[in-house]
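Just below is one structure, and these are the notes that go with it.
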């Protein structure tokens, strides 16, 4: 498969992840995540989770009542059977930056890592530092 | 190189990234980032940056006065010449979750992607939503 087609397929896998997310489709989420590689997941503002069991337990809890999530500006890179995609998540007026990593497994891209973090819409005015952390 | 040695080398590259970061060493940062692959970077609370020029400009600005950054709990996966590492960043009492992706390039791991996002220590008490975004 050409690099362009690989990337196109990875972006489709990224879209499928958000479709399952928005629909609360835990069964789809189980097939979206890699079964052959160690997986990692950092939900917004939480410690990273390691391993398929912990990661799928987190999705089981989240997908009981999934947030109304939409995605935009997905862009990615596919290299040597691994693809990483960045995109923006839109949840109820909030915007989050996400990184999603996929591995080529049994003829499809499967998710090996997800990190999402909020992008504040305005400077914090409370006790938080006014400067970005980096 | 065995998978174990690959991962060990990727974790060393991750440590070298934070050494350069803490030291404000822009020259080292230039050699740490990939030159052969498209690179992506999401600094905390900001839109993702795409491409080496934008990413290196961001580091040039940050490294003029680097924050006192330390790193812990680095764990990763190396697959087919691509490695992704999660770790915690510690900056002045704040904790951030980070994802760093490395590609094997000219005999060394070079960074292709960095995302870092704050982990709040307590529930927000202002106008922010009290529930996690996901």
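The values are calculated or read from the model by the stated rules, or taken from the named source; none is laboratory data. Since the model is a prediction, treat every value here as computed from it, not as a measurement. Here Cβ is always computed from backbone atoms with ideal geometry, including for glycine, and neighbour counts include all displayed protein chains.
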A careful count of residues in region B:106-122 that are more than 8 Å from every other protein chain (Cβ to nearest Cβ) and crowded, with 17+ Cβ neighbours inside 10 Å gives 4
Being more than 8 Å from chain A (Cβ to nearest Cβ) and either touching a helix residue (DSSP H, G or I) at 6+ places or on another chain (Cβ under 9 Å) or crowded, with 16+ Cβ neighbours inside 10 Å (or both) is the filter here; which residues of region B:40-57 pass it? B:41, B:49, B:52, B:55, B:56
Does region A:84-95 contain at least one residue that is at the interface with chain B (Cβ under 7 Å from one of its Cβ atoms), surrounded by 15 or more Cβ atoms within 10 Å (Cβ to Cβ) and modelled with pLDDT under 90? yes
Look at residue B:133 and say whether it is modelled with pLDDT of 90 or more and either under 15 Å from the mean Cα position of the chain (by Cα) or assigned to a loop (DSSP other than H, G, I, E, B) (or both). no
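Got at least one residue in region A:49-69 being within 23 Å of residue B:75 (Cα to Cα) and assigned to a loop (DSSP other than H, G, I, E, B)?
Yes, region A:49-69 contains a residue that is within 23 Å of residue B:75 (Cα to Cα) and assigned to a loop (DSSP other than H, G, I, E, B).
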Tally, over region A:24-48, of residues that are part of a strand (DSSP E or B) and over 19 Å from residue A:117 (Cβ atoms): 1
The lone exception for residue B:31 - which of (1) in contact with a strand residue (DSSP E or B) (Cβ under 7 Å, 6 or more places away or on another chain); (2) within 18 Å of residue B:106 (Cα to Cα) it fails: (1)
Can you name every residue in region A:73-106 that is under 23 Å from residue A:62 (Cα atoms) and in a loop (DSSP other than H, G, I, E, B)? A:92, A:93
Kindly establish whether residue B:68 is at pLDDT below 90, surrounded by fewer than 20 Cβ atoms within 10 Å (Cβ to Cβ) and either in contact with a strand residue (DSSP E or B) (Cβ under 7 Å, 6 or more places away or on another chain) or facing chain A (nearest Cβ under 8 Å) (or both). no
Where residues in region A:1-23 are touching a residue at least 24 places away in the same chain (Cβ under 8 Å) and over 19 Å from residue A:113 (Cβ atoms), which of them is farthest from the chain's Cα centre (by Cα)? A:3
